[in-house]
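Novice: Have a look at this one before I ask anything.
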Amino acid sequence: GKGDTVLCNADSGEEKIVCTLKGHTKKVTSVVAHPNEKAIVSASPDAQIRIWDIDSESCRHVMRVHDGPVTGLSLHPTGDYVLSSSSDQHWAFSDIHTGKLLCKVADQSVSHGLTCCQFHPDGLIFGTGTSDSLVKIWDFKEQKSAANFPSHSGPISALAFSENGYYLATSADDEVVKLWDLRKLKNFKTITLEDKYTVKSLTFDNSGHYLAVAGPDVRVYQISKQCDLIQTWKAHTQDATSVKFGPNVDYLASVSNDRTLKFYSSSSSA
């Protein structure tokens, strides 16, 4: 609902809402769970980033570091900091424990807003997407752009790095997913999707061998020379907006504009 963040228990066989967190004044568009603490980070077009304590169901910090809608969140591998992107053309880096802004940088090379962001697993670089179809890799320490990938058309909708750090998957409003080899800074595979297929989310499994895609359906590709489509689920009644692999790739989970959370196993039928 409007401004709500709902947490569910993903234990096997149990369907339970753990808590509902209210505070945003507009819809929640990004949520990141802390891997080691009972905390989550949420963002919204209301230009707020909120740090929540799950046990007390309270908001620890409200960070107003952007002048426009917050379009993306990514937790640093240390778990101490959060990267955010915004339509205000800036990315920002904040301390989740103190709620303080540490740095805020404008992308001077573009005249359009940022649409998404994602840390590389090593925490030394990260990626951003723009509404004018550009994917950029940034050197975090230098706070400068290290590489540009300009081959999409339309706003960038999702970014995902593989856990081994070798690959980057990107999507835009152009009905393709592109796979990049970061060692060569080269696009090595383009997956062409169906007409009017809009990708909302991308994620690799821990091995980097599989890529999940969320949009009008939820699907998984095997990363190889052919990048074969190996599974498709059409369980939602509206577009899936996010997809994630569970621990040890035991399951795949997706959420949707239909206000449902779905879980899939490798044996689930399409």
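The values are calculated or read from the model by the stated rules, or taken from the named source; none is laboratory data. Since we're looking at a predicted model, the values are computed, not measured. Positions of Cβ are generated from backbone atoms using ideal geometry, with glycine treated the same way; all protein chains shown enter the neighbour counts. Side chains are part of the model used for accessible areas, which takes the heavy atoms of the whole protein and leaves out ligands, DNA and RNA. Shrake-Rupley method; radii C 1.70, N 1.55, O 1.52, S 1.80 Å.
Novice: Could you compute the net charge surrounding Val70? Neighbours are other residues with a C-beta less than 14 Å from the C-beta of Val70; K and R count +1, D and E count -1.
Specialist: The answer is +2.
Novice: Mean shadow of the stretch 53-134, computed from the convex hull of its alpha carbons, in nm²?
Specialist: Taking a quarter of the hull surface, the average projection is 5.8 nm².
Novice: Which one of Ser44, Phe263, Gly113 is farthest out on the positive end of the charge dipole of the chain, using unit charges on Cβ (Lys, Arg +1; Asp, Glu -1) and the Cα centre as origin?
Specialist: About the Cα centre, the residue reaching furthest to the positive side is Gly113.
Novice: Follow-up question, since we're still on this one. Kindly state, as a whole number, the per residue volume in cubic angstrom of the convex hull around the alpha carbon atoms of the stretch 127-270.
Specialist: Here the figure is 118 Å³ per residue.
Novice: Ignoring ligands, DNA and RNA, what percent of the accessible area of the chain is carbon or sulfur (1.4 Å)? Please list the in-between numbers first.
Specialist: On the way: 6020 of 12940 Å².
So the carbon and sulfur contribution to the accessible surface is 47 percent.
Novice: Also, quick follow-up: His90: net charge of surrounding residues, Cβ under 12 Å, Lys/Arg +1, Asp/Glu -1, itself excluded?
Specialist: Result for the neighbourhood of His90: -2.
Novice: Where the eigenvalues come from the Cα gyration tensor of the chain, what are the semi-axes √(5λ) of the equivalent ellipsoid, largest first, in whole Å? List each step's numbers first, then the result.
Specialist: Details: eigenvalues 132, 121, 57 Å².
Output for the chain: semi-axes of 26, 25, 17 Å.
Novice: Under a point-charge model restricted to the Cβ atoms of Lys and Arg (+1) and Asp and Glu (-1), what is the dipole moment magnitude of the chain relative to its Cα centre, in debye to the nearest 20?
Specialist: Values: 27 positive and 31 negative charges, 60 e Å.
In total the dipole reaches around 280 debye.
Novice: Still on this structure, please answer the following. Using a 1.4 Å probe, how large is the accessible area of Ser111, given in Å² and rounded to the nearest 10?
Specialist: Only protein atoms counted, so the area is about 90 Å².
Novice: What residue among Ser256, Ser151, Ser109 shows peak mean-square fluctuation when the chain is described by a Gaussian network model with Cα springs under 10 Å?
Specialist: In the Gaussian network model the winner is Ser109.
Novice: Mind checking the per residue accessible area of the stretch 77-198 for me, 1.4 Å probe, whole number of Å²? Don't jump to the answer; show the numbers that get you there.
Specialist: Values: 5290 Å² over 122 residues.
That works out to 43 Å² per residue.
Novice: How do Val176, Val82 rank by accessible surface area computed with a 1.4 Å probe, from largest to smallest?
Specialist: Working: Val176 20, Val82 0 Å².
The residues order as Val176, Val82, largest area first.
Novice: Can you give me the long-range amide H partners of Ile223? Hydrogens built in the peptide plane at 1.01 Å from N, cutoff under 5 Å, separation of 5 or more residues or another chain.
Specialist: Tyr210, Leu211
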